Structures are given as C-alpha cells and as structure tokens.
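One structure below.
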Amino acid sequence: MDPYDIEGGAINVRFLHADSTRANFLIQNFDLATANALRRVMLSEVPTMAIDVVEVIDNTSVLADEFICHRLGLIPLNSKNVDDVLYSRDCDCEGYCEQCSVVLTLNARCTGNEVMKVYARDLVVSEGRPNDEVGNPVITDPEGLGSVIVKLRKGQSIHMRCIAKKGIAKEHAKWAPSAAIGFEYDPNNKLRHLDYWYEEDAKKEWPVDEHNANIDGAPQEGEAFDYDAVPTRFFFDVETVGGLEPDQIVTQGIKQLQQKLAGVIHELQGNDGMNGADDFGGAQSPQMNGAGYGGQDAGYTTPYGNASVWGGGGGTTPYGATPYGGPGGSGW
C-alpha cells in the first residue's frame, strides 16, 4: 500500500504499510504522553471476544479438562462488530444469552487407528448470536484448519460446550487484540535519551530501522544539540492476532481513549448524575450476574445428532469425511 496522509488540524497521520495482519504508521505533531496512552489502550482495553466458560460434557483424551479449557480460551475469535455484543455486566440474563455471548460446540471422536487431530475449525458456532461474524474461530492457515486443540487416539472423544464473551486484556490476556505493538519515537537517538554501550563503534553494534531512521532524518555532522527538543513524531507497528484487523485496533483504541478523556472532563466540570467513563461505554472487564451459567439452553441442537451417531461406522461432520478415520470410520 502506498503511504498516504490523513490530516486533521495540527496532527498528521501517515500510514507506511498496512495489510490484514500488520500496520505501520507515523503520527506527527503529537506528544509522548498521549502517544504512549494510545499504545497502552490498544494493548489492554480494546474489547474482543474469547471463550470464557467451558462446560465439559465428555473428555477421554490424555489432556486434563483444565488444560484443554485454557487452550480453548486462547483461540482467536472474530471480533468484528463486537459492539453488537453486550458485556455480561450489562445484560439482564441470569447467565448467558444470545445478546451477551456466542456458544461454540466441540464434539469429536476418533474411530480409526490413526491419531486424530482436533482443530479450531471443528468448533461449531450456534445460530443465536448478535451478528453473523462475531465469534467465528480465526483460521488463517492455507489448509483452513486453525490451531490444534487436542489429539485423540482410537476410542477417545471430546465433547465441550464453550461460551465466548466480550472482554478486555486488562482482565485476561486471551482478550488481547494485538500480539505486539511496536513503539518508537527517536530512531536516530537525536534526543540522546539512550546511552548505548559499545565496544568499538556504536553505529555498527546498534543497527537502526533504516526506514524509520530515514523518515526521521539523521543528524548532521557537527549539528548543535538542542537541549529543549522533545519528541513530536511516533512510529507505531500494530500486529493483530486475527480477531480484529490492525486498522480496527487503532480505531477502537482511539475511541476508548476518547471515552476515558470524556469521563475525566465530565468529572472536572462537576456534572452530576454520571459515573465517569463507565457511562460513556468505556471498556470494562466482564462480570457475571446471577447465580451461574445454568444448564444448556433448550433451543440448541448440535449438528452431530444424538449419542447413537457414534455407533457402528461413526458419524459425519459439518466438513464431510475426514482423513483420520481410515476404513470403517469417519475419523470422528
């Protein structure tokens, strides 16, 4: 993508590179405190979807229930239009419902002699959810399989009901929208905030990002040092885990930061009847209301049928026959 500029007032944003997994951009005429606040908000307060509760119906694999539940929680889920999903604390239901959660079912059984791998693609999303995208497992590999959840030997099975909820990384890392956010404001060290240790030549032993260094402008030989200089341009490198695209992470981060600042301004003005950022829809960790999650909802039917589907030659999957079962079984 060719770099382009978006100008608004004195602040200038320039995208250096952007694709579906990573975005590099430059903010000019900014201050360090606000730039770092944006970075921290993007890391920890952008809401996403993640599996929060797992109801274990059957597990005869070699992995413990808690181990598999932890792995399920770390599977990235599509979080586009996550604003359509309510936080659990804001929902009137007793445990979970279609407005505040997405239900995914994992049901697999190995009937063949070969080891069977259960992937993220085997998570089946229920029909009742706020929109058609949110909650789908993120699958980016060319084979369309997704992350490996567990391996099963002949006769072993796994059946779990997963409830995905909306949350933020402040509560748990599984809600983090970004794998990492790079942040740099002085690639040439013109401000001399760093004192590099070196043996012979600091320039050779401490290589810089040439692209960012060229944009920032290398200091000239003999240039006088400005003791009053402050950083005004900041390089960001946002990498997504897959649930949200990088530009959406940036947009949601700015939105959350605006809401926080609006809450602070509101309190400073002494207005009554409000509770700060919470009333502006700011990100909050999910909190359960009611006595628990309850049992399975009465209206849900799995695509696998009843227990008799596992008898004889085995059952079918939403993806057709799998290569794991071998003769006499579907691999499920």
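The values are calculated or read from the model by the stated rules, or taken from the named source; none is laboratory data. Please read all numbers here as calculations on a predicted model, not as lab measurements. As a convention, Cβ positions derive from the backbone with ideal geometry for all residues, glycine included, and neighbour counts pool all protein chains shown. To get the accessible areas, we keep the full protein, side chains included, count just its heavy atoms, and leave off ligands, DNA and RNA. Shrake-Rupley method; radii C 1.70, N 1.55, O 1.52, S 1.80 Å.
Structure summary
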| item | result |
| --- | --- |
| Share of carbon and sulfur in the accessible heavy-atom surface of region 48-168 [1.4 Å probe, %] | 44 percent |
| Violating pairs (Cα-Cα greater than 32 angstrom) within the set K80/K204; K170/K203; K174/K255; K80/K190; K203/K255; K80/K117 | K80/K204; K170/K203; K80/K190; K203/K255 |
| Residue-normalised accessible area of region 48-168, given per residue in Å² at a 1.4 Å probe | 42 Å² |
| Ordering of 39-51, 221-233, 154-166 by burial proxy (mean other Cβ atoms within 10 Å per residue, highest first) | 39-51, 154-166, 221-233 |
| Set of aspartates and glutamates with alpha-carbon distance to K154 below 14 Å, sequence-local pairs under 8 removed | E114 |
| Region 48-168, Cα convex hull volume normalised per residue, Å³ | 104 Å³ |
